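S.K.: Below is the structure I would like to discuss, written out as structure tokens.
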Amino acid sequence: MRLRNVSPDDVDAYVRMRCDPVMMADLGGPQSREEMAAKVCRDAEQAASDLAWFKMIVPDPATPEMVAGTVTIWSHTTDDGPVSEIGWMVLSQFQGQGLGKRAVRALLEQARIENRWGVVHAFPATNNGASNGICRSVGFRFISETDLTFAGQTFKTNHWAVDPRTDLK
Ligand SMILES: CC(C)(COP(=O)(O)OP(=O)(O)OC[C@H]1O[C@@H](n2cnc3c(N)ncnc32)[C@H](O)[C@@H]1OP(=O)(O)O)[C@@H](O)C(=O)NCCC(=O)NCCS
């Protein structure tokens, strides 16, 4: 497995992840196909300028065009100040093989090496067994249950946090 920056050529993978109702069940529902080319370009620009880490998960470096999912760290501002957040998606045919966990750990390891992002937060839906499993097995600490509103819907989430400098398992 290796991680590489998202590029404008990743539209097809974005469509398969973000326009799929099952993949997006805990993430506000499927997004429109028409918006994906612009979304990939925005993400690729942010990745290239190192404003956020938008990574594609490549299961086999021998076939770099085959993509299994994404893992992303970005920063946003809340009432309490800036917060670093991580999110992830693995396409259904690659799920259950430990790829999500390895990709998340690899990105947090990079954060540790570069001393970037500080404490990183994650907000998986309370009923998302695999995402909460990733948090638990990589070394996140459970903070609390919290209701989050995005894409016009309110979700019951678990708030987890990890300090890559000290907490990674
Ligand atoms: C969530 C998702 C990224 C998981 O990816 P994955 O590669 O299948 O996960 P892994 O194989 O690395 O498994 C991660 C951990 O969760 C555990 N797990 C998997 N499914 C589980 C379930 N239903 N209940 C409890 N634990 C589960 C695994 O055993 C593993 O823990 P372990 O290493 O301690 O055994 C993937 O299912 C996905 O993209 N789903 C759709 C989009 C989504 O939900 N994104 C995240 C929004 S917060």
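The values are calculated or read from the model by the stated rules, or taken from the named source; none is laboratory data. Bear in mind the structure is a predicted one, so any value in this text is a computation, not a measurement. Counting neighbours? That spans all protein chains shown, and the Cβs are built from the backbone with ideal geometry, glycine included. Remember, those area values only see protein heavy atoms, side chains included, never the ligands or the DNA or RNA. Shrake-Rupley method; radii C 1.70, N 1.55, O 1.52, S 1.80 Å.
S.K.: Looking at this structure, is VAL162 open to solvent by 30 Å² or more (accessible area, probe 1.4 Å) and modelled with pLDDT of 95 or more? First the steps, then the outcome.
M.R.: Working: open to solvent by 30 Å² or more (accessible area, probe 1.4 Å): no; modelled with pLDDT of 95 or more: yes.
No: the conditions fail for VAL162.
S.K.: Kindly provide the set of residues from region 78-109 that are modelled with pLDDT under 95 and either near the ligand (Cβ under 6 Å from one of its atoms) or of a type in the set (Val, Ile, Thr) (or both), ordered by number.
M.R.: Matches in region 78-109: THR78 only.
S.K.: If a residue has to be out of contact with any Lys or Arg (no Cβ under 9 Å at 6 or more places or on another chain) and without any contact (Cβ under 8 Å) to a residue 40 or more places away in the chain to count, how many in region 139-164 make the cut?
M.R.: Looking only at region 139-164, we keep the residues that are out of contact with any Lys or Arg (no Cβ under 9 Å at 6 or more places or on another chain), and these are 140-141, 143-144, 149-159.
Remaining after also requiring without any contact (Cβ under 8 Å) to a residue 40 or more places away in the chain: 140-141, 143-144, 149, 154, 156-159.
Result for region 139-164: 10.
S.K.: Restricting to region 19-42, name every residue that is in contact with a strand residue (DSSP E or B) (Cβ under 8 Å, 6 or more places away or on another chain) and over 17 Å from VAL90 (Cβ atoms).
M.R.: GLY28, GLY29
S.K.: Output yes when any residue across region 126-148 is away from the ligand (no atom under 12 Å from the Cβ), under 21 Å from GLY28 (Cα atoms), open to solvent by 20 Å² or more (accessible area, probe 1.4 Å) and not polar (S, T, N, Q), and no when none is.
M.R.: Yes, because at least one residue in region 126-148 is away from the ligand (no atom under 12 Å from the Cβ), under 21 Å from GLY28 (Cα atoms), open to solvent by 20 Å² or more (accessible area, probe 1.4 Å) and not polar (S, T, N, Q).
S.K.: If you scan region 149-159, which residues turn out to be hydrophobic (A, V, I, L, M, F, W, C) and either surrounded by 13 or more Cβ atoms within 10 Å (Cβ to Cβ) or outside any strand (DSSP E or B) (or both)?
M.R.: Taking region 149-159 as the starting set, the residues that turn out to be hydrophobic (A, V, I, L, M, F, W, C) are 150-151, 155.
Hits for region 149-159 are ALA151, PHE155.
The rows are residues; the columns are (1) over 22 Å from GLY100 (Cβ atoms); (2) at pLDDT 95 or above.
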{"position": "GLY28", "(1), (2)": "no, no"}
{"position": "ARG33", "(1), (2)": "yes, yes"}
{"position": "ALA37", "(1), (2)": "yes, yes"}
{"position": "PHE54", "(1), (2)": "no, yes"}
{"position": "VAL67", "(1), (2)": "no, yes"}
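S.K.: If we keep just the residues of region 52-77 that are farther than 16 Å from PHE123 by Cα and touching a Pro at 6+ places or on another chain (Cβ under 6 Å), which is farthest from the ligand (Cβ to nearest atom)?
M.R.: VAL58
S.K.: Does ARG4 meet the test of being in contact with a helix residue (DSSP H, G or I) (Cβ under 8 Å, 6 or more places away or on another chain), in contact (Cβ under 8 Å) with a residue 60 or more places away in the chain and farther than 26 Å from GLY152 by Cβ?
M.R.: Details: in contact with a helix residue (DSSP H, G or I) (Cβ under 8 Å, 6 or more places away or on another chain): no; in contact (Cβ under 8 Å) with a residue 60 or more places away in the chain: yes; farther than 26 Å from GLY152 by Cβ: yes.
It is false that ARG4 is in contact with a helix residue (DSSP H, G or I) (Cβ under 8 Å, 6 or more places away or on another chain), in contact (Cβ under 8 Å) with a residue 60 or more places away in the chain and farther than 26 Å from GLY152 by Cβ.
S.K.: Among the numbered criteria (1) within 13 Å of the ligand (Cβ to nearest atom); (2) under 18 Å from TRP53 (Cβ atoms), which single criterion is violated by GLY118?
M.R.: Status for GLY118: all satisfied but (1).
S.K.: Just one of the numbered conditions (1) over 10 Å from the mean Cα position of the chain (by Cα); (2) over 19 Å from TRP160 (Cβ atoms); (3) of a type outside the set (Asp, Glu) is not true of ARG102; which one?
M.R.: Every listed condition holds for ARG102 apart from (2).
S.K.: Here is a check on your reading of the model: is THR146 outside any helix (DSSP H, G or I), modelled with pLDDT under 95 and in contact with a strand residue (DSSP E or B) (Cβ under 7 Å, 6 or more places away or on another chain)? Give the derivation first.
M.R.: Values: outside any helix (DSSP H, G or I): yes; modelled with pLDDT under 95: no; in contact with a strand residue (DSSP E or B) (Cβ under 7 Å, 6 or more places away or on another chain): yes.
Considered against the rule, which asks whether it is outside any helix (DSSP H, G or I), modelled with pLDDT under 95 and in contact with a strand residue (DSSP E or B) (Cβ under 7 Å, 6 or more places away or on another chain), THR146 comes out as no.
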